[in-house]
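The values are calculated or read from the model by the stated rules, or taken from the named source; none is laboratory data. As the structure is a prediction and not an experimental result, all values here were calculated from the model. No Cβ is skipped: glycine too gets one built from the backbone with ideal geometry, and neighbour counts run over all protein chains shown.
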Amino acid sequence: MTHSTSRLKLALLSATLACGVALAPLSAAVAASEAVFVFPNSHNGAPTLNPVKTTLDTLAHELIYDRLIEQDADQTYHPHLAESWESSPDGMLWTFKLRQGVTFHDGEPFNAKTIAWWIPKFAGTDNDYLVAAVDKVEIVDDYTVRFVMKHPDANLLYNLASGFMGVPSPKAYEAAGDTYGVTVAVGTGPYKLDHFTTGVETLLIRNEDYKWGSELAANRGKAHIEKLLLREIVDEAASYLELKTGGVDMVVDVPNALLSQYKSVKDVETKALPSYGIFYMPINTSAEPFTDLKVRKATALAVNQEEIVSRLYRGVGKPAHTFLISSLPESKINPQFEIRHDLRQANQLLDEAGWKKGPNGIREKDGKPLTVKLWTQGDTEFKRMTEVIQAQLKAIGMNGEIGVFDVSSIRDQYKKNQHQLAVRSYGWNNADILDWFLSAERQGYPNVSMWKDPKGEELRKAALTGSKTTEERIANFKIYHEYVLSQYPVVPIYEPDRTLAYNKTRLTVPEKIRGPKFTAASIIDTKVND
Amino acid sequence: MSLSLKTQGAATLRLLGKPFGGIGGAICGAGLGLFIFVALFAPLLAPYAYDAQDLARIGLPPSAENWFGTDEFGRDVLSRVIYGARISLSVGLTAVALSASAGILIGALCGYFGGRFDRITMAAIDLTWCFPEILLALVLVAILGPGLNSTVIAIAVAYLAQFTRLTRTQVRALKGETFVEVSRCLGAGHAHILLRHLLPNALAPVIVVAMLTTGDAILLEATLGFFGMGAQPPTPSWGAMMSSGSAQLFNAPWVVIIPGLFVALSVIFINVYGDAILAALDVKNRIRRA
């Protein structure tokens, strides 16, 4: 009895070990072709993967859809679904030769008809400005289209390269109706959508038929990583711990405040990316006391950008004194319009506006204290910066009451127009971001500043639609940018350096990151190590 | 000699601790007293203003200048912990007082009158037991908006059911007793019976539970603070301090560990002292000892 029990135990043990040995390489192989990335925090909370209607372009959009054109880090344009293009001398006709042999994830072909169907879909959406200059799309042949313009648009190529201009499958789009982008998302990109939960995760599966990668990628065929899980983690410290403990393989956008911690982890490699955005404070120009230009200016001058960069971020990143990233020519404005810290002038302006210092240091006017709502989203970096801004505002006698909102709900909160100040950020490398955040046509969100200024509107339209050449566009946007800053609807704070962090024992990331950010071209080239 | 001194010392400690329910109770009672003292006199005791940022002194370790170090904004952690005691204790005590008062009132009425009023009210109250306390509190704060007042209300509602149930059970058990019947026969009204006869006899266990619940309430406040739903910046609550310092866990662990330690200590003090008082005041035990 004892012997037979022992033999049974031995047999079971042997079988278990044998199974373990047999399965070990299999599980390693499965794991080897999968990777988990953490979304950049600015991508969190996107409610839809419909590129036509979304107001938030994410890494998932850029992997599911391809664009006609790709932009490189040096702002040059490269072919993708469009193999070539040419413009008439007056800028009123654009002809695009399309790539042949491209199919959508649902098997539908990509051709000229797709483009003729796709461009008009933008009408009436938040993104219609991208193709507002296009009067109509003519089909020249199966793989050639011509854009007939209402007016020249010096920004057309940039728009076509933006993440919002990923081309969806007409058949899937029409079939899904309003649910497109929520239950289904079909493009021609290197990854297919498996599932997506707002604020949680997006699971993407490799497109096995992909063989039309852009020239920004070394690998023009299917991606190396078979299964890609994109997680949304609001707490940046949690992202750090996940990477450190192997829960994720890459954090796409590392907050500068935690950079030194990431660099201290043995298996973690960091890689610098081009600067791509600004932290800023919109001022609600429709809410008291910020209807008064003097109060807005005082508030702006209270923000000490240099202190934030040198102390809070220990010199990583740049202070922002204009609303545009420093690599854009439109950011090189007359220095007199740059917003720079000046505590003495800020206090003087509030005195002039009738706000006098009360006994507790908080200013008062007509018996009402200068207490304002200061909103931000729940991410660690936003909360941190908002607390510093709160302390800097206190120095001019303004009491900022912080309100923290969930990232997926804060945009709807702005639309209710109950905010006064907010700490926000954007990621964009074109001057038309001024139009996006300050157009009187988009009040609430994205125009969180609720700015509605006749002269501003005139200059905005001139910059956006009245420029025939790139040089003219730059000049017009500079004038608009200067006027915006002179009215203080926004306070630029900080231009962060962007950094990617990944587990180098798990992943091999291309040496040179092509494109203005870490996106499809680089992910196609990223390999999971054996 | 030394043994004798030790024995004498232990005996003295036991003697001193006796009114507080033993040595453990005495130590925890003293600790709790110290926390209350610190909370009451925070402005006098804190070496710096709790919201005074100094970005040149971010994440400094404990030193003679800053006993508990500085946080991620260069603020003095000691000063924030001292002010945090005020928030944590006052929220905990206020929420439990509110919850117990409402629970006693509703429970007494339900237990005394019974019938349909009792069934409907208790069904509604019992609904709150369908959810974990933290979930219920989070939902309430989300509805009311983050802040200290919302936190107090949320915690009070989260613990309402237990006080209501307890009081109702006590009142139901007592209302059939002879002394209540006698009082009723002598013409006493409902209010007189409830206030003079039932509640004084029903309250003892409720008060003990209230004391023990205060520790839980402080923990719940810290949890809500950690989720950013409690005291809003720059007001320091221990939970919020742990939350905002969590990003610095590996660079400046004291920013997280120290407030966490104070949360743990306050809960231990309250629970041990509560238990000790319960044991010390227990009439049955006294009789048995006698």
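Can you confirm whether region B:231-243 contains a residue that is touching a residue at least 60 places away in the same chain (Cβ under 8 Å) and out of contact with any helix residue (DSSP H, G or I) (no Cβ under 7 Å at 6 or more places or on another chain)? Checked region B:231-243: at least one residue is touching a residue at least 60 places away in the same chain (Cβ under 8 Å) and out of contact with any helix residue (DSSP H, G or I) (no Cβ under 7 Å at 6 or more places or on another chain).
Please tell me if B:V38 is buried (at least 18 other Cβ atoms within 10 Å of the Cβ), under 18 Å from B:Q232 (Cα atoms) and more than 14 Å from chain A (Cβ to nearest Cβ). Full working, then the answer.
Details: buried (at least 18 other Cβ atoms within 10 Å of the Cβ): yes; under 18 Å from B:Q232 (Cα atoms): no; more than 14 Å from chain A (Cβ to nearest Cβ): yes.
Taking the combined requirement at face value, the residue does not satisfy it.
Looking only at residues of region B:69-83 that are closer than 14 Å to B:I257 by Cβ and under 25 Å from the mean Cα position of the chain (by Cα), we find that the one that is surrounded by the fewest Cβ atoms within 10 Å (Cβ to Cβ) is B:L78. Kindly indicate whether A:I333 is away from chain B (no Cβ under 13 Å), of a type in the set (A, V, I, L, M), assigned to a loop (DSSP other than H, G, I, E, B) and in contact with a Leu (Cβ under 8 Å, 6 or more places away or on another chain). Considered against the rule, which asks whether it is away from chain B (no Cβ under 13 Å), of a type in the set (A, V, I, L, M), assigned to a loop (DSSP other than H, G, I, E, B) and in contact with a Leu (Cβ under 8 Å, 6 or more places away or on another chain), A:I333 comes out as yes. Scan region B:56-76 and tell me whether some residue there is within 30 Å of A:V309 (Cβ to Cβ) and in a helix (DSSP H, G or I). Looking through region B:56-76, at least one residue is within 30 Å of A:V309 (Cβ to Cβ) and in a helix (DSSP H, G or I).
Kindly indicate which of A:S33, A:S87, A:S14 is over 26 Å from A:L216 (Cβ atoms), surrounded by fewer than 22 Cβ atoms within 10 Å (Cβ to Cβ) and at pLDDT below 95.
On the way: A:S33 fails: over 26 Å from A:L216 (Cβ atoms); A:S87 fails: over 26 Å from A:L216 (Cβ atoms).
None of the other options fit; the residue is A:S14.
Looking across region A:164-191, the residues that are out of contact with any Leu (no Cβ under 9 Å at 6 or more places or on another chain) and surrounded by fewer than 24 Cβ atoms within 10 Å (Cβ to Cβ) come down to A:P170, A:K171, A:A172, A:Y173, A:E174, A:A175, A:A176, A:G177, A:D178, A:T179, A:T183.
Listed here are the residues, each with its yes/no results for (1) away from every other protein chain (no Cβ under 14 Å); (2) crowded, with 16+ Cβ neighbours inside 10 Å.
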residue	(1), (2)
B:A202	yes, yes
B:I207	yes, no
B:L212	yes, yes
B:L219	yes, yes
B:G228	no, yes
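Looking at A:K332, is it under 25 Å from the mean Cα position of the chain (by Cα) and loosely packed, with under 15 Cβ neighbours inside 10 Å? Here the answer is yes, as A:K332 does meet what is asked. Residues in region A:453-501 that are basic (K, R) and either at pLDDT below 90 or farther than 27 Å from A:W94 by Cα (or both): A:K455, A:K468, A:R498. Any idea which residue in region A:286-304 is nearest to the other protein chains (Cβ to nearest Cβ), counting only those that are crowded, with 22+ Cβ neighbours inside 10 Å and more than 17 Å from A:W355 (Cα to Cα)? That would be A:N304.
The residue pairs whose first member lies in region A:243-262 and is away from chain B (no Cβ under 12 Å), whose second member is outside any loop (DSSP other than H, G, I, E, B) and charged (D, E, K, R), and whose beta carbons are closer than 7 Å, counting only pairs six or more residues apart or on different chains, are A:V248/A:R231; A:V248/A:E242; A:D253/A:R498. Would you point out the residue of region A:370-393, among those that are at the interface with chain B (Cβ under 8 Å from one of its Cβ atoms) and of a type in the set (K, R), that is nearest to A:H43 (Cα to Cα)? The qualifying residue nearest to A:H43 (Cα to Cα) is A:K383.
Could you say which residue among A:A463, A:A475, A:A501 is touching a residue at least 12 places away in the same chain (Cβ under 8 Å) and in a helix (DSSP H, G or I)? Before you say what the answer is, go through the steps one by one.
Numbers: A:A475 fails: touching a residue at least 12 places away in the same chain (Cβ under 8 Å); A:A501 fails: in a helix (DSSP H, G or I).
Step by step, each of A:A463, A:A475, A:A501 is checked, and only A:A463 is touching a residue at least 12 places away in the same chain (Cβ under 8 Å) and in a helix (DSSP H, G or I).
Of all residues in region A:394-406, count the ones that are more than 12 Å from chain B (Cβ to nearest Cβ) and over 13 Å from A:L374 (Cβ atoms).
Residues of region A:394-406 more than 12 Å from chain B (Cβ to nearest Cβ): A:396-398.
Restricting the remaining residues to those that are over 13 Å from A:L374 (Cβ atoms) gives A:396-397.
Here the count works out to 2.
Among residues of region A:184-215 being more than 21 Å from A:T103 (Cβ to Cβ) and either outside the structural domain of A:F110 (by TED's automatic domain parsing) or not charged (D, E, K, R) (or both), the one that is farthest from the chain's Cα centre (by Cα) is A:H195. Does A:D366 meet the test of being modelled with pLDDT under 95 and at positive phi? Here the answer is yes, as A:D366 does meet what is asked.
Residue-by-condition table, conditions (1) surrounded by fewer than 16 Cβ atoms within 10 Å (Cβ to Cβ); (2) assigned to a helix (DSSP H, G or I):
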site: A:N347; (1), (2): no, yes
site: A:N360; (1), (2): yes, no
site: A:E364; (1), (2): no, no
site: A:L374; (1), (2): no, no
site: A:R384; (1), (2): no, yes
site: A:I396; (1), (2): no, no
site: A:G400; (1), (2): no, no
site: A:S408; (1), (2): no, no
site: A:H419; (1), (2): no, no
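What strands (runs of 3 or more DSSP E) completely inside region A:227-312 contain at least 3 residues that are over 30 Å from A:Y191 (Cα atoms)? The strands (runs of 3 or more DSSP E) meeting that bar are A:277-282. Listed here are the strands (runs of 3 or more DSSP E) enclosed by region A:26-118 that have at least 1 residues being farther than 30 Å from A:G247 by Cα and of a type in the set (F, W, Y): A:77-79, A:82-87, A:93-98.
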